[in-house]
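Enquirer: A single structure is presented below for examination.
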Amino acid sequence: MSENVNDHGAADITTVSADAPQMQPLAKNPKGVEKAISALLLIGIAAFVGFGVCYWQNAAYWTYGALLGLGLLAMGAAFIAWGKYLLPRGPFVEERHVLASTETERSAFAAALMERGAGEIKRRKVLGTLLGGSLGVFSIVALFPLVRSLGPLPGDKLAVTDWKKGQRLVDINGNPVNITDMAVGGVLTVYPHGLENTDDGQAIDQTILIRVQNEPFTTMKGRESWTPSGYVAYSKLCTHLGCPVGLYEQQLELLVCPCHQSMFNVRNGALPQFGPAPRPLPQLPLAVDSEGFLIAAGGYNQPVGPGYWERP
Amino acid sequence: MVTMRSTLKKAAAGFSLSIVGLAALSFLATPLESGAATKIADDGLGATAQICPSGTTQVAGKVGVPANLVNENGDTAKKNAGTAYSDVQCYNAAGEMVAYGNADILYELPSSSLIPLGQQLYMQNCASCHGVHADGVLPNGTTGNYPDLTGLGPATINFWVTTGRMPAANPRDVQAMRRQPRLTVFQSNAIAAWVNSLQPATPYIPSPNLKGANLTVGQDLFALNCAACHTITGGGDALAYSTFAPSLHVATPTQIVDAIRTGPGNMPRFTGNLTDSQVRDITAYVAESIQKPTNIGGVGMGGLGPVAEGFIGLALGVGGLMLVSFWVGDRSE
């Protein structure tokens with residue numbers, strides 16, 4: 001070694017002799033461990049060969065995963081075991097010089113940066129101003145794509161569905177529903193006529209139509225004419241978190257939501273009888289047109305789905 | 001000092017717990033449906049082929065509730081109001097409709113020669129709860145405890161008796177469970193013939209023809225109408241107030257159409273809004289994809305979803321990985 005000023009006073013480098021305790025393998029019986037690792041690797045080879053054969057012969061898919069997994073497990077275990085038990089066990093210590101720069105070097109660097117570097121920028125006033133201006137404008141316009149990517153304002157889309165007065169109820173295939181079609185205790189998922197194949201129609205306008213009995217009945221005050229021939233229609237979106245409420249139990253007259261088990265009583269306006277739903281399902285007023293098909297007598301009188309407004 | 005042996009002991013102890021867990025779950029390893037839709041080969045019968053049983057006259061044309069199914073009060077078959085869409089009806093020599101339907105599903109009335117046997121079997125097995133007139137009125141006059149069986153159609157009787165739910169194992173149960181049937185199909189038909197004779201009604205007992213079914217349509221309709229309660233794998237699910245939707249893995253096609261058309265128990269009744277072709281497609285989907293699934297992953301675990309699969313994932317996957325991490329990271333000295 002030399003008298004170099006950058007030596008930082010390194011200690012003499014020594015190497016460990018081959019007989020030192022930390023150079024011995026960890027295993028008390030290295031030969032036995034070697035046999036075990038050989039077995040693992042043979043299992044791995046066999047598993048990989050098996051995978052190749054199965055893949056070539058188009059065997060059942062689960063064999064691919066099983067054999068590949070087994071092979072990788074065996075190979076991985078062999079690697080770990082070799083590294084743990086057969087390699088020198090350590091610990092090994094390596095001397096290092098002090099990593100930090102000296103005090104004189106640090107203060108000289110600080111002086112060069114602040115005095116000479118900053119002075120260069122202060123000298124060119126015009127360029128410095130223009131640089132600041134371009135950075136400023138850039139940071140402002142970089143926000144434009146961010147703001148636009150937030151999407152259009154919803155307007156009143158959250159409050160209003162596509163159901164309109166006089167619109168026929170149709171099922172998923174576009175067939176309108178006649179009042180003689182459904183037996184007592186039947187259910188059907190309906191959409192506004194023409195919207196049964198659209199995203200909005202299926203996501204927001206979906207309505208569950210239930211025939212509770214043969215005669216009209218009243219679900220709530222003011223809704224006396226909403227259930228012709230015993231048909232009642234509620235929004236299918238659960239008022240808890242929006243899952244489609246498709247489970248109808250005809251003897252209990254209960255609509256159950258499958259996600260969090262909110263239960264709505266269909267006889268009294270889908271009032272929640274159990275579960276986390278905070279408000280009843282909105283009811284669609286129904287009427288019958290001249291040919292006997294069910295139509296909506298108006299839209300929903302409240303927003304459908306989960307509530308998004310403050311409640312007192 | 002850590003040795004291979006001590007680590008293997010730890011691994012063995014840990015894994016034995018996982019194996020016990022897996023063995024406990026092995027009873028759940030019933031097949032899982034894959035959802036791959038295929039077609040069943042068509043048998044070439046058109047919608048209005050000659051399908052009526054021999055000895056009957058075939059008449060074409062859709063039927064509502066036929067006039068001879070109106071009871072003495074002028075009511076239509078009140079509990080089954082809903083159009084029985086059919087392409088043909090079959091009338092016997094006496095002018096009674098003994099079958100209706102089309103090439104997809106043929107609904108047949110059990111022969112009236114079974115009525116005396118049916119009455120006898122009914123009195124032996126059913127009258128103690130449902131009353132001697134099959135109207136739910138007990139001999140001491142009380143009503144309302146057990147359902148009125150009249151006006152519901154032979155398919156209702158067929159469903160409840162051939163699935164073993166009736167005669168009820170425990171009449172006080174909230175929901176009767178499927179079990180080994182106590183009466184044969186022949187006996188069930190006889191009872192259905194007698195009960196139907198009290199107040200004739202549809203639907204008759206269906207014989208679905210699964211050839212040529214479109215499993216894609218079946219899957220779509222199943223997902224829209226059935227999967228909410230029965231789950232997408234047909235494994236069944238719990239509902240409100242101790243009721244539940246049963247598993248579909250052991251239902252026969254006739255029982256499936258029975259249930260769809262009659263809406264047993266809390267199940268809704270799907271009548272006019274599902275055509276026979278659609279009901280046939282749903283039945284074929286259940287009979288093929290749900291009851292005979294291909295388990296691509298190897299083990300279906302009952303098709304119960306995330307709970308069973310999560311247990312395996314956590315016990316074997318995460319547990320195993322934990323043991324491996326302990327082994328790898330063990331200090332050498």
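Enquirer: Need one value for B:127-139: mean number of C-beta atoms belonging to other chains within 10 Å of its residues' C-beta atoms. Kindly include the intermediate steps, with their values, before the conclusion.
Expert: Working: counts 0, 0, 0, 0, 0, 0, 0, 0, 0, 0, 0, 0, 0.
Mean partner shielding for this stretch: 0.
Enquirer: Could I ask something else about it? Starting from 0.36 nm per residue, how many nanometres of slack lie between A:LEU158 and A:LEU99 once their C-alpha separation is accounted for?
Expert: Details: separation 59, 0.36 × 59 = 21.24 nm, distance 6.24 nm.
Going from the current span to full extension adds 15.0 nm.
Enquirer: What is the helix-to-structure angle for A:30-56, meaning the angle in degrees between its Cα long axis and the longest Cα principal axis of chain A, kept from 0 to 90 and rounded to the nearest 10?
Expert: Roughly 40 degrees between the two axes.
Enquirer: Using just the C-alpha positions of chain A as equal point scatterers, what log10 of I(q)/I(0) does the Debye formula give at each q in 0.07, 0.11 1/Å?
Expert: These q points yield log10 I(q)/I(0) values of -0.73, -0.81.
Enquirer: Other chains near A:59-70: what is the mean number of their Cβ atoms within 10 Å of each residue's Cβ? Spell out each step's value before the answer.
Expert: Values: counts 0, 5, 5, 5, 1, 0, 3, 1, 0, 0, 0, 0.
Counting other chains' Cβ atoms within 10 Å and averaging over A:59-70 gives 2.
Enquirer: Which translational diffusion coefficient, to the nearest whole µm²/s, is obtained for region B:217-318 from the Stokes-Einstein equation, given a Kirkwood hydrodynamic radius over C-alpha pairs, 4 °C and 1.567 mPa s?
Expert: Values: Rh = 14.7 Å.
My calculation gives 88 µm²/s for D.
Enquirer: If packing is taken as the average count of other Cβ atoms within 10 Å, what order do B:297-305, B:141-149 fall into, highest mean first? Spell out each step's value before the answer.
Expert: Values: B:297-305: 18.4, B:141-149: 14.0.
Most protected by this proxy first, the peptides run B:297-305, B:141-149.
Enquirer: Taking every alpha carbon pair in region B:77-216, what does the distance histogram look like in 10 angstrom bins from 0, in percent?
Expert: Percent of Cα pairs in each bin: 12, 39, 34, 14, 2, 0.
Enquirer: Same structure again: Rounded to the nearest 500, what is chain A's calculated 222 nm mean residue ellipticity when only DSSP H runs of at least 4 contribute -39500 (n - 2.57) each, over all residues?
Expert: Computed ellipticity for chain A at 222 nm equals -9000 deg cm²/dmol.
Enquirer: Shielding by partners for A:205-214, please: the mean number of other protein chain Cβ atoms within 10 Å of each residue's Cβ.
Expert: Values: counts 0, 0, 0, 1, 1, 1, 5, 0, 0, 5.
Other-chain Cβ atoms within 10 Å of each residue's Cβ, averaged: 1.
Enquirer: Taking Cα atoms, how many degrees apart are the long axis of helix A:61-81 and the longest axis of chain A, rounded to 10 and kept between 0 and 90?
Expert: Helix A:61-81 sits roughly 30 degrees off the main axis of chain A.
Enquirer: I need the peptides A:182-193, B:167-178 ranked by packing, meaning the mean over residues of other C-beta atoms within 10 angstrom, with the highest value on top. The partial results should precede the final answer.
Expert: Working: A:182-193: 23.9, B:167-178: 13.0.
My ranking of the peptides, most packed first, is A:182-193, B:167-178.
Enquirer: Where does each of B:311-317, A:44-50, A:104-110, A:155-161 land if you order them by average Cβ count within 10 Å, highest first? Before the final figure, lay out each step's value.
Expert: Details: B:311-317: 14.6, A:44-50: 16.1, A:104-110: 10.3, A:155-161: 12.9.
Most protected by this proxy first, the peptides run A:44-50, B:311-317, A:155-161, A:104-110.
Enquirer: Along Cα→Cβ, 7 Å out, is where each label goes; now give me the distance between the ones at A:THR198 and A:ASN268 in nm to one decimal.
Expert: Between A:THR198 and A:ASN268, the simple spin-label model gives 3.7 nm.
Enquirer: Amide H neighbours of A:LEU247 under 5 Å, at least 5 residues apart or on other chains, H built in the peptide plane: list them.
Expert: Residues meeting the criterion, in which the H sits 1.01 Å from N, are A:VAL256.
Enquirer: Shifting gears a bit: Just the Cα atoms of region A:47-184: what Rg and Dmax do they give in Å?
Expert: Values for region A:47-184 (Cα only, Rg and Dmax): 36.7, 98 Å.
Enquirer: With an 8 Å Cα cut-off and a minimum separation of 6 or more residues, compute the relative contact order for region B:204-290 in percent. Walk me through the numbers on the way to the answer.
Expert: On the way: 109 pairs, mean separation 34.6, N = 87.
Once divided by the residue count of region B:204-290, the mean separation gives 40 percent.
Enquirer: Now, a different point. Tell me, rounded to the nearest percent, the portion of alpha carbon pairs in region A:186-312 spaced more than 19 Å apart. Before the final figure, lay out each step's value.
Expert: Working: 3565 of 8001 pairs.
Roughly 45 percent, rounded to a whole number.
Since every read-out is calculated from the coordinates, none of them should be taken as a lab result. This is a predicted model, so every value here is computed, not measured. Here Cβ is always computed from backbone atoms with ideal geometry, including for glycine, and neighbour counts include all displayed protein chains.
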